[in-house]
Amino acid sequence: MISCASPRGVHENVVFTASVPCEVKTLIKTSHSMDKLTFRRMIKLGLGFLQGSLGQEECEAVMKQLCESSHTATEESVLNTCIQYAGVVSLLRAALRVNTLTARQDVFLADLTNIGLPEEFASDVCKVVYGSARLDIDKQLISTTPALPVMTNLNWRVEVTISSSWLSRVLDPVVTLRLETSNGSSHTFQVPVSRFHQLRFTVASLLHQMEALKLSPICKKL
Amino acid sequence: MLQITKKLQEGISFINAIDINKLNGLLGRVSAALCSGCSQVFTEEEEEKLSSSLGHTMEQTRQLVHTVLHIIQQAAQGMVRPAVLGEHLLAAGITQDRVEIFTESWMTNAKTIVDKLRQQTLSEKQLEDIAWELHLETASSCLARQSHPIAHLQLNLVSGTTAGKPEATEKVVIQFDQDQLYQLYGHLEQIQSQLDALR
């Protein structure tokens, strides 16, 4: 983290470690003339967008409402609102990345006010980052990280083959699985009993190892 | 067990005519092929060599090999005991000493052949092997410093085995976090309880 000296003393850049993006700078410049309710609504919209809970059309509808609510909708005022919203989203994105365990709330608040954000707005952002909804926000953020396809559905069938053209008495059970994954593909395959036992053992040992990993020192450090 | 057709009669006459040691070798070769699951016993070259050593034409050699193969396959189909096989072969017209060779070979190889045939299915994708990796996600563009264990499971699916060789292998890689892995485990436990109920 980059520390810099200022008239208020040495402080750490917690939120923006490298440099402050231009849309956030514009947001800060215009924030004095911005009304508190509008800022709160923008935060709500930004959160919905980042978590993926609001669809494209819903976002656009709320933006339209925001633009029309503040006095007359001239081209300049609409543009201003849009830039402010972009600033809010960037600010939220950077703020949510901050690890709440290592960064203290007062340091965070001090950093925001040092960038130039008014006190009330800074405390609003603080409430979002350190608030009670944080666990849910984290879960949703984790689900949007780059990932391999995930299993969405599993259908199965156990069959016993009585006889075949090769052997008149087979009487061996076979498991048929249909696996559907998040990228839309569906795989149907047969699992002979020996492989099924291997699969079951693999899954159980993976679960056991995950539990051990959670308790290990590496996880405690993070 | 054996349906006596004209072709089979011809094959049997070849068997009766062939030298006993050569018959032993032939039977061993056919049994080995069935044990490993491929239906092609001899390659072209080997068939030529066999023809010349027996003094037969290619046609006749093929028929001979096919007859021996057919006898063993029928024995497996009916899952007959060696003694019963011996009786059927005598009734079909094979000489006593050759019948003994057949029953001996069947006694040693029956179990392996039957086990191999039991695993054959009409071609559908089969799970051949499972590979896995355990990862710990520590940071991402959305969240700095997290600890989130993730498992990658790779399923090797083999589709269609003709003549003992797999036609196509597909590798499906799926990602699981802890909750999803528990869900999968739940499914597998249900299947296992069904399998146990069958016993």
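The values are calculated or read from the model by the stated rules, or taken from the named source; none is laboratory data. Keep in mind that what you see is a predicted model, and the values were worked out from it rather than measured. Backbone-built Cβ (ideal geometry, glycine too); neighbour counts: all protein chains shown.
Brief remarks follow.
- Taken over segment A:110-137, the residue count meeting the criterion of being more than 14 Å from A:L96 (Cβ to Cβ) and of a type in the set (V, I, T) is 2.
- Considering only residues in segment A:156-186 that are of a type in the set (A, V, I, L, M) and surrounded by fewer than 14 Cβ atoms within 10 Å (Cβ to Cβ), the one that is farthest from the other protein chains (Cβ to nearest Cβ) turns out to be A:I162.
- Being in contact with a Lys or Arg (Cβ under 7 Å, 6 or more places away or on another chain), surrounded by 16 or more Cβ atoms within 10 Å (Cβ to Cβ) and at the interface with chain B (Cβ under 9 Å from one of its Cβ atoms) is a condition met by no residue of segment A:206-218.
- A:F189 surrounded by 15 or more Cβ atoms within 10 Å (Cβ to Cβ), out of contact with any Phe, Trp or Tyr (no Cβ under 9 Å at 6 or more places or on another chain), free of Cβ contacts under 8 Å to residues at least 24 places away in the same chain and part of a strand (DSSP E or B): yes
- In segment A:140-155 there is at least one residue matching the filter, namely being within 11 Å of chain B (Cβ to nearest Cβ) and more than 24 Å from the chain's Cα centre (by Cα).
- Neighbours by Cβ (under 6 Å, 6+ apart or cross-chain): first from segment A:93-120, modelled with pLDDT under 80; second of a type in the set (D, E, K, R): A:N99/B:R145
- Whenever a residue of segment B:36-54 is touching a residue at least 60 places away in the same chain (Cβ under 8 Å) and assigned by TED's automatic domain parsing to the domain that holds B:K111, its partners that are outside any helix (DSSP H, G or I) and not charged (D, E, K, R), lying with C-beta atoms within less than 7 angstrom and at least six residues away or across chains, give the pairs B:S36/B:G164; B:G37/B:G164; B:C38/B:A163; B:C38/B:G164; B:S39/B:A163; B:Q40/B:A163.
- So A:L148, is it within 23 Å of B:S147 (Cα to Cα), without any contact (Cβ under 8 Å) to a residue 12 or more places away in the chain and surrounded by 17 or more Cβ atoms within 10 Å (Cβ to Cβ): no
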